[in-house]
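Q: Quick one: the structure is below, questions incoming.
The values are calculated or read from the model by the stated rules, or taken from the named source; none is laboratory data. Here the structure is a predicted model, which is why all the values come from computation and not from measurement. Positions of Cβ are generated from backbone atoms using ideal geometry, with glycine treated the same way; all protein chains shown enter the neighbour counts. Side chains included, ligands, DNA and RNA excluded: accessible areas come from the protein's heavy atoms. Shrake-Rupley method; radii C 1.70, N 1.55, O 1.52, S 1.80 Å.
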Amino acid sequence: MVEPILIGRAVVKRYGEVHALAGVDISIGAGEVLAIVGPSGSGKTTLLHVLAGILPADGGEVFLAGRPISGLGEAERSKLRRTEFGFVFQSGMLVAELTADENVALPMLLAGRAKGESMAAAGEWLAKLGLLGLSSRRPGELSGGQAQRVAIARALAHRPKVIFADEPTGALDTRTGQETVSALLEAASATGAAVVIVTHDPAIAARAHRVVEIRDGLIATGVPA
Ligand SMILES: Nc1ncnc2c1ncn2[C@@H]1O[C@H](COP(=O)(O)OP(=O)(O)OP(=O)(O)O)[C@@H](O)[C@H]1O
Ligand SMILES: [Mg+2]
């Protein structure tokens, strides 16, 4: 068993009367690829958001590398998201006005790195993801799969410890989806980042080291991939 990088213990999240997470225990190993599956509305996105410090928990605790992070205020959680975590959403969420390399450089710039260094690193990441020559395109000038690879470069370029991906292939066809996941997993493996990936696609869940199923805000099973 590798050392856990991220642990959620008895995590509870409510939206008014809705108990979205009813006491979730989950552990993600350093460099591990964990798939989260489960029916619509079962709490997958909520779990991702609480683990990543996007939403505060209403109960329980989240630990990053042994350090409790669930009690932190918004400013500190925001800093953690910029430095320790990377995000890939269903459809890119790239900044439409920025070019591909500017999008990839953005998290590094927000983390305080120099512009020249950030743009150079962005170019290298785009090349690693097979997007050499597309650095000056804006998101509207890229295919869905290309845009997702830009999003992957952006999620990884600041070398986060954990990448959170919420249905990253949901807007892509099956083959492009598989290629996109390959690009994500290879890049994450090259940097040692753990990946927490929410997916409805069994073929994508099968690529994970471990699959966890959520039902009604609780972990249902831990099926080996
Ligand atoms: N902002 C919100 N306000 C109120 N209820 C919410 C909010 N966000 C989610 N919920 C509810 O919490 C529960 C869990 O939602 P969540 O988005 O985590 O599900 P999910 O498993 O990601 O679903 P999907 O597969 O459809 O994306 C659902 O009952 C949902 O309606
Ligand atoms: Mg969701």
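Q: Could you tell me whether the range 129-137 includes any residue that is open to solvent by less than 10 Å² (accessible area, probe 1.4 Å) and under 28 Å from Ser40 (Cβ atoms)?
A: no
Q: Sort through Val211, Val198, Val181 and tell me the only one that's within 14 Å of ligand 2 (Cβ to nearest atom) and touching a residue at least 24 places away in the same chain (Cβ under 8 Å).
A: Values: Val211 fails: within 14 Å of ligand 2 (Cβ to nearest atom); Val181 fails: within 14 Å of ligand 2 (Cβ to nearest atom).
Exactly one residue qualifies, and that residue is Val198.
Q: Which ones in the range 142-171 are within 16 Å of ligand 1 (Cβ to nearest atom) and either of a type outside the set (Asp, Glu) or crowded, with 24+ Cβ neighbours inside 10 Å (or both)?
A: Let us first name the residues in the range 142-171 that are within 16 Å of ligand 1 (Cβ to nearest atom), namely 164-171.
Phe164, Ala165, Pro168, Thr169, Gly170, Ala171, listed by residue number.
Q: So which strands (runs of 3 or more DSSP E) stay within the range 14-104 end to end and still have 2 or more residues that are free of Cβ contacts under 8 Å to residues at least 24 places away in the same chain and either farther than 25 Å from Arg154 by Cβ or away from ligand 2 (no atom under 16 Å from the Cβ) (or both)?
A: Working: elements: 18-29, 33-37, 59-64, 85-88.
Hits in the range 14-104: 18-29.
Q: Scan the strands (runs of 3 or more DSSP E) fully inside the range 132-225 and keep the ones with 1 or more residues being small (Gly, Ala, Ser). First the steps, then the outcome.
A: Values: elements: 162-166, 194-198, 210-215, 218-224.
Answer list for the range 132-225: 162-166, 194-198, 218-224.
Q: Only residues that are within 21 Å of the chain's Cα centre (by Cα), over 16 Å from Gln148 (Cα atoms) and not hydrophobic (A, V, I, L, M, F, W, C): list them for the range 113-135, please.
A: Ser118, Glu124
Q: Shifting gears a bit: Take the range 11-57 and flag every residue that is charged (D, E, K, R), open to solvent by 30 Å² or more (accessible area, probe 1.4 Å) and within 15 Å of the chain's Cα centre (by Cα). Explain how you work it out, then say what you get.
A: So the first thing to find is which residues in the range 11-57 are charged (D, E, K, R), and the list is 13-14, 17, 25, 32, 44.
Filter again for open to solvent by 30 Å² or more (accessible area, probe 1.4 Å), leaving 14, 17, 25.
Passing the criteria: none in range.
Q: Filter the range 201-225 down to the residues that are among the small types (Gly, Ala, Ser), in contact with a Gly (Cβ under 9 Å, 6 or more places away or on another chain) and either surrounded by fewer than 16 Cβ atoms within 10 Å (Cβ to Cβ) or at pLDDT below 95 (or both) and list them by number.
A: So in the range 201-225, the residues among the small types (Gly, Ala, Ser) come out as 203, 205-206, 208, 217, 220, 222, 225.
From what is left, the residues that are in contact with a Gly (Cβ under 9 Å, 6 or more places away or on another chain) are 203, 217, 220.
Matches in the range 201-225: Ala203, Ala220.
Q: Sticking with this structure for a sec: Considering only the range 105-123, state which residues are surrounded by fewer than 16 Cβ atoms within 10 Å (Cβ to Cβ), in a helix (DSSP H, G or I) and modelled with pLDDT of 95 or more.
A: Scanning the range 105-123 gives Lys115, Gly116, Glu117, Ala120.
Q: Now, a different point. Out of all the residues in the range 173-200, which are within 16 Å of ligand 1 (Cβ to nearest atom) and open to solvent by 10 Å² or more (accessible area, probe 1.4 Å)?
A: His200
Q: From the list Thr199, Thr176, which one is polar (S, T, N, Q) and farther than 30 Å from Val2 by Cβ?
A: Values: Thr199 fails: farther than 30 Å from Val2 by Cβ.
That would be Thr176, the only listed residue that is polar (S, T, N, Q) and farther than 30 Å from Val2 by Cβ.
Q: Please verify whether Leu6 is touching a residue at least 40 places away in the same chain (Cβ under 8 Å) and either part of a helix (DSSP H, G or I) or within 16 Å of ligand 1 (Cβ to nearest atom) (or both), treating the condition exactly as stated.
A: On the way: touching a residue at least 40 places away in the same chain (Cβ under 8 Å): yes; either part of a helix (DSSP H, G or I) or within 16 Å of ligand 1 (Cβ to nearest atom) (or both): no.
Answer is no for this residue.
Q: Would you check if there is a residue in the range 85-94 being among the small types (Gly, Ala, Ser), open to solvent by less than 30 Å² (accessible area, probe 1.4 Å) and within 27 Å of Thr180 (Cα to Cα)? Outline the logic, then answer.
A: Step one: filter the range 85-94 for residues among the small types (Gly, Ala, Ser), giving 86, 91-92.
From what's left, open to solvent by less than 30 Å² (accessible area, probe 1.4 Å): 86, 92.
When the remaining residues are screened for being within 27 Å of Thr180 (Cα to Cα), the result is 86, 92.
Among the residues of the range 85-94, at least one is among the small types (Gly, Ala, Ser), open to solvent by less than 30 Å² (accessible area, probe 1.4 Å) and within 27 Å of Thr180 (Cα to Cα), which makes the answer yes.
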